[in-house]
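Notes follow the structure.
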Amino acid sequence: MLEKDLKQPDAMQNVWANFGADYRVEDFIWLKEFQEFKDKSCAINQDTGVSWDLTEMIKRYHVHGQKIAVGNAEYKVIIENSLGVPCLFDEIVMEVMWGLKNLMHFLIPQEKMKLRNADRLPMSQGLMMILNRHGFGIKPEMVDNDIILATCMLLDCEYCDVKNRNPLRLAGWHIEEVSGIKFEGWDLMKLATAVKIICYPAEATITEKAMFTHDEVLKFEKDAHKYEDRFYKGLCLNVYNEMVEARAHIKSVHEALKTLPYMHEVRSSERIT
């Protein structure tokens, strides 16, 4: 994981999810070396600085110009003062440290101990933000692996909208240009449905048509041939199906979360925006 990944505008909401499950972390983080320090104060402290063993390990892998992400502000000061190696510690790095702790058993097989829920504290702020956005609240100490995996799924489903937003907005401009129908105020699902009706008018369902006025549906059907050089039918259908599936998954996760006794629903006025 590079420093630039931690500087993205949405890093707080996204970084934690990379550590939500074993399979999510394999592509971007690798174990270089592992050393166990039974007494951390001997390895690094304000009075004696950084131990010889830890210094040698840092020097082996530090690349000039890069910063080392560290677990707390004190380590940052000690390493920078003792070794002259620039370090990085902030709220985003804390998300990374939470993730490393969460997957310690996978990233470092030597560490067989499974974490208790309390050991995962302080809890990932990004995870809590996603739950809050979906209308759920939970005490940090009650977050377990099932909650983490469920929240990862919610974020994956949200990404379906993120990656399709620009193409669907472009499709909206095509609809406005060709059929004279303004798409302002339409959400992405409505845009995807409009494109699907245009590409496959004979297969449009009553539910899909009900999202539009009668005149709009007639216009879609009448102008369908005009979009043949603008929309790739197969691709548009894939996007539509993907978005329908994502919303079905979100609904399923919501229903599952509602059954948990330690989960409570958050009113709209209390949600983080």
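The values are calculated or read from the model by the stated rules, or taken from the named source; none is laboratory data. Quick caveat, the model's predicted, so the values are computed rather than measured. With ideal geometry, Cβ positions are generated from the backbone for all residues, glycine too; neighbour counts draw on all protein chains shown.
Quick notes on this one:
- Residues of region 1-46 satisfying the condition of being hydroxyl-bearing (Ser, Thr, Tyr) and either in contact (Cβ under 8 Å) with a residue 40 or more places away in the chain or farther than 26 Å from residue 145 by Cα (or both): 41
- When 99, 84 are checked against the criterion of being within 28 Å of the chain's Cα centre (by Cα) and among the small types (Gly, Ala, Ser), a single residue qualifies: 99.
- Residue selected from region 201-218 under the condition assigned to a helix (DSSP H, G or I) and touching a residue at least 12 places away in the same chain (Cβ under 8 Å), by the criterion nearest to residue 179 (Cα to Cα): 216
- Hits in region 125-145 - residues which are surrounded by fewer than 17 Cβ atoms within 10 Å (Cβ to Cβ) and without any contact (Cβ under 8 Å) to a residue 40 or more places away in the chain: 140, 141, 144, 145
- Within this structure, residue 192 passes the test of being within 29 Å of the chain's Cα centre (by Cα), surrounded by 12 or more Cβ atoms within 10 Å (Cβ to Cβ) and modelled with pLDDT of 95 or more.
- The single residue among 72, 166, 145 that is of a type outside the set (Lys, Arg) and modelled with pLDDT under 90 turns out to be 145.
- Beta carbons closer than 8 Å, at least 6 apart along the sequence or on distinct chains, pair a first residue in region 239-264 that is within 14 Å of residue 147 (Cα to Cα) with a second that is surrounded by fewer than 13 Cβ atoms within 10 Å (Cβ to Cβ) for 258/265; 262/139.
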